[in-house]
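K.L.:
One structure is given below, represented as structure tokens, and several questions about it will come after.
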Amino acid sequence: MRTPLVVSRAAILAATVVLGLGCTGDPNDPMTWAKQLMNLRVQKEALDHLANMDVEKARPAVPALIELYEDTKRPEHLEALARLGPCAEHRRSFAPVRQRLQTCLFEQATAVV
């Protein structure tokens with residue numbers, strides 16, 4: 001008789017955890033996405049949601065976006081950029097990205113010759 005009771009308690013606990021963690025905020029609220037900008041796993045999704053919002057509605061997220069932009073100037077980020085190279089999301093007009101791309105192109109051109 002104890003097994004069904006234990007299983008039902010486990011099921012209730014699992015449902016509570018899933019329901020509690022599944023909803024982290026209103027998906028239409030820009031601040032919900034602004035809080036996710038530092039989480040690399042969901043950063044692209046958060047940026048996409050903010051980009052697709054009305055400008056006035058997304059305005060409260062601007063300080064978080066500025067903070068994210070400022071993080072790109074950190075030495076750790078610049079070192080990783082030099083070591084690994086830029087990815088598709090990198091802005092090509094950002095000087096360290098542009099320099100890395102020019103270096104790669106130069107290396108490819110001299111390797112062919």
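The values are calculated or read from the model by the stated rules, or taken from the named source; none is laboratory data. Remember, predicted model here, so these are calculated numbers, not experimental data. Here Cβ is always computed from backbone atoms with ideal geometry, including for glycine, and neighbour counts include all displayed protein chains.
K.L.:
Is it the case that Leu81 is modelled with pLDDT of 85 or more and either part of a helix (DSSP H, G or I) or touching a Cys at 6+ places or on another chain (Cβ under 6 Å) (or both)?
P.N.:
Answer is no for this residue.
K.L.:
Would you point out the residue of the range 72-113, among those that are small (Gly, Ala, Ser) and exposed (fewer than 10 other Cβ atoms within 10 Å of the Cβ), that is farthest from Lys44 (Cα to Cα)?
P.N.:
So the residue we want is Ala111.
K.L.:
So if I check each of Pro63, Pro86, Pro96, which one is more than 30 Å from Gly25 (Cα to Cα) and in a helix (DSSP H, G or I)?
P.N.:
Sole residue among the options that is more than 30 Å from Gly25 (Cα to Cα) and in a helix (DSSP H, G or I): Pro96.
K.L.:
Output the residues belonging to the range 15-47 that are β-branched (Val, Ile, Thr), at pLDDT 85 or above and part of a helix (DSSP H, G or I).
P.N.:
Thr32
K.L.:
Let me ask another. Could you check Leu68 against (1) more than 23 Å from Lys35 (Cα to Cα); (2) modelled with pLDDT of 80 or more; (3) of a type in the set (A, V, I, L, M) and say which number it fails?
P.N.:
(1)
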